[in-house]
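Right, one structure below, let's go through it.
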Amino acid sequence: MKKKAMLAAIGFMLLSGAAQAVTPLAPHAHASAVTLLRLGTSGTAVTLLQTDLKKLGYFSATATGYYGTVTRDAVTRFQRDYGLAADGIAGPVTLEAVKHAILKQKLVADTSFYIGVPYLWGGSNPATGFDCSGFIYFMFTKFGVSQTRTTSANLFTQGFAVNKSMLRPGDLVFFRNPSTGAVDHAGFYTGGGSFVSALSSKGIYVQQLDNSYWGPRYAGARRVY
């Protein structure tokens, strides 16, 4: 029993040490401050929304805290890209989607620190290595997204399906084994037609979604957060 407890403590210390490189995310005040943000609204919640939309590439003006037509149009574009009702009004659903998109933007950027970490079947720790689902589990857990350590096939049942044309950074992309047809690989979409995952030949690595190897194996995408 003492040996098991010691091993568990070491595993926890390794994971905690790997995660300390990223500053904890500051909480967003959007939904709690104002129920609906729309034309004519002003205040801190609008400033936060404008700032986040700017980080995501939808708002190019200065954040003024006033919800005018520029902000409405930015919200509408975001809603269309994320499959939401494109009414230009930032209600709880839209604000939550913006919050998730910001977190996943940071998560995707952070994957660059693990490029080259070796492949390890069943691995979910940078100290020893990752397999594809282990890397997804590690990154989501690191950024505070509740996730169970599972397989690529099981991840393919979570969240909701996303058309390839609607892919956004942080969405999960999946691939099938050409011999069995079973989903056996997954990674994070990083934007620009690329994804990052744990490959048995290269470890954590970025590749093109539609290259000659992965293109024919593509099974679909899911948005689980």
Mind checking which residues of segment 83-101 are free of Cβ contacts under 8 Å to residues at least 60 places away in the same chain and within 14 Å of the chain's Cα centre (by Cα)? A97
Are any residues in segment 192-225 farther than 27 Å from Y82 by Cβ and outside any strand (DSSP E or B), and if so, which ones? S200, S201, K202, S212, Y213, P216
Sort through A101, A85, A90 and tell me the only one that's within 14 Å of R38 (Cβ to Cβ) and out of contact with any strand residue (DSSP E or B) (no Cβ under 9 Å at 6 or more places or on another chain). A85
So for segment 120-128 (the condition being part of a strand (DSSP E or B) and over 24 Å from K55 (Cα atoms)), does at least one residue qualify? yes
Kindly list, by first and then second residue, each pair from a residue in segment 204-220 that is free of Cβ contacts under 8 Å to residues at least 24 places away in the same chain and farther than 21 Å from A153 by Cβ to a residue that is hydroxyl-bearing (S, T, Y) and in a strand (DSSP E or B), limited to pairs with Cβ atoms under 8 Å and residues at least 6 apart or on different chains. Q208/S194; D210/Y218
Tell me, please, whether a residue that is on the phi < 0 side of the Ramachandran plot, touching a residue at least 40 places away in the same chain (Cβ under 8 Å) and in a loop (DSSP other than H, G, I, E, B) can be found in segment 177-186. yes
Check on Y189, among the aromatic types (F, W, Y) and part of a loop (DSSP other than H, G, I, E, B): no
For segment 162-213, give me each residue that is touching a strand residue (DSSP E or B) at 6+ places or on another chain (Cβ under 7 Å), over 21 Å from P118 (Cβ atoms) and among the hydrophobic types (A, V, I, L, M, F, W, C). V162, L167, L172, V173, F174, A182, V183, L209
Picking from S146, S165, the residue that is of a type in the set (S, T, Y), in a helix (DSSP H, G or I), free of Cβ contacts under 8 Å to residues at least 24 places away in the same chain and surrounded by fewer than 19 Cβ atoms within 10 Å (Cβ to Cβ) would be S165
Scan segment 125-181 residue by residue and report those that are farther than 27 Å from R80 by Cβ and of a type in the set (G, A, S). A127, G129, S133, G134, G144, S146, S152, A153, S179, G181
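Residue-wise test of (1) of a type in the set (S, T, Y); (2) touching a helix residue (DSSP H, G or I) at 6+ places or on another chain (Cβ under 9 Å); (3) within 18 Å of V206 (Cβ to Cβ).
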{"position": "S112", "(1), (2), (3)": "yes, no, yes"}
{"position": "G129", "(1), (2), (3)": "no, no, yes"}
{"position": "C132", "(1), (2), (3)": "no, yes, yes"}
{"position": "F135", "(1), (2), (3)": "no, yes, yes"}
{"position": "F138", "(1), (2), (3)": "no, yes, yes"}
{"position": "T150", "(1), (2), (3)": "yes, yes, no"}
{"position": "F174", "(1), (2), (3)": "no, yes, yes"}
{"position": "T180", "(1), (2), (3)": "yes, no, no"}
Which listed residue, of R72, R80, is basic (K, R) and free of Cβ contacts under 8 Å to residues at least 24 places away in the same chain: R80
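Read-outs throughout are calculated quantities, based only on the coordinates presented, and are distinct from any laboratory measurement. Since this is a predicted model, take the numbers as computed values, not measurements. Don't worry about glycine lacking a Cβ; one is built from the backbone with ideal geometry, like all the others, and counts go over all protein chains shown.
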